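Rule-based calculations on the coordinates, nothing more; no lab input. Treat the numbers as computed from the prediction; the structure is a model and nothing was measured. Neighbour counts run over all protein chains shown; Cβ positions are idealised from the backbone, glycine included.
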Amino acid sequence: MLLFLISTTALAIGVRILVNPVSNVFQKYLTQRQAHPLFVVTSTYGILSIGCLFYLLPDIPKNLSILFWYNSVIFNTLGVAGNYFLVKSLHRGDLSVLGPINAYKALVSLLFGLFLLGEIPNAWGIVGMLLIIAGSYFVINQPSSTQGFSWAIFKQKDVQYRFLALFFSAIDALYLKKIIVATNANLAFVSWCIGGFLFSFVAFLYTQKNTSFRPHFRILKDYKWHFLALGLSSGLMQLSTNYAFEGIQVSYALALFQVSALVSVLFGVQFFEEKQLGRKLAGATIMVVGAVLIILFK
């Protein structure tokens, strides 16, 4: 336990937990200023790609296998889709609700991880992930409903977008792990930045082909420091994710990342005046207990 707490993996997980909600705050802030979700995604990848060029120029990787390129194409396609739906969900919904919903990603990655990576969690790992899912009930449940849990919340567009985002990003994480195993965390990060920029840029051009780009660039100019902060926080989030995946199973890592639900709830209340703080914190705390179980009995 002590060795885990002082390891690079634990440090990466801690950074990821803190930085991911920060990235979400900037994504929601920019979409509230009329920034198109796909433009936000493309700009984020673009800012990070500039930095990656300085990393690549001194030593361009050679002899990368066909399997690397195959996994990279799937990885970046799923990653762009996941980021797009994430930003759309944040634009329409509450950060304090949509952040904890991400807990379901652990189950999606667990199911697909059995087939794609052969990762089999132990009994305590499963219990921990189930607690995380149970805690999300208190976060997404509608307290005004007299019937208890209401399935109506799943009809809301913001929630539907969030589930699409977590579905794509959960499978995306498995292909990321494949790339990391075949190369390393840094090269996987470069693939995420540059590949993500190319894919999202093409998608942005296609969806905006009949409209003017001027409004988008005006928003970029007016909020350039917010875009830069989003790029830096997103880059740190992804890099810490890569290092976490180097030392722990994907399904476990994604479950541990859900501790950031507490931060998301607090940020939602602090920056966007969202309600039901006590209930959401209680649900997020249950999720943290599940994460602790995963750590103790890893």
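Some values worked out for this structure:
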quantity	calculated
Ranked L56, L293, criterion: other C-beta atoms within 10 Å, fewest first	L56, L293
Label point distance in nm, Y55-L67, each placed 7 Å from Cα along Cα→Cβ	2.3 nm
Sorted by Cβ neighbour density within 10 Å, fewest at the top, the residues I126, I66, I132, I171	I66, I126, I171, I132
Burial order of peptide ranges 229-241, 174-186 (average beta-carbon count within 10 Å, highest first)	229-241, 174-186
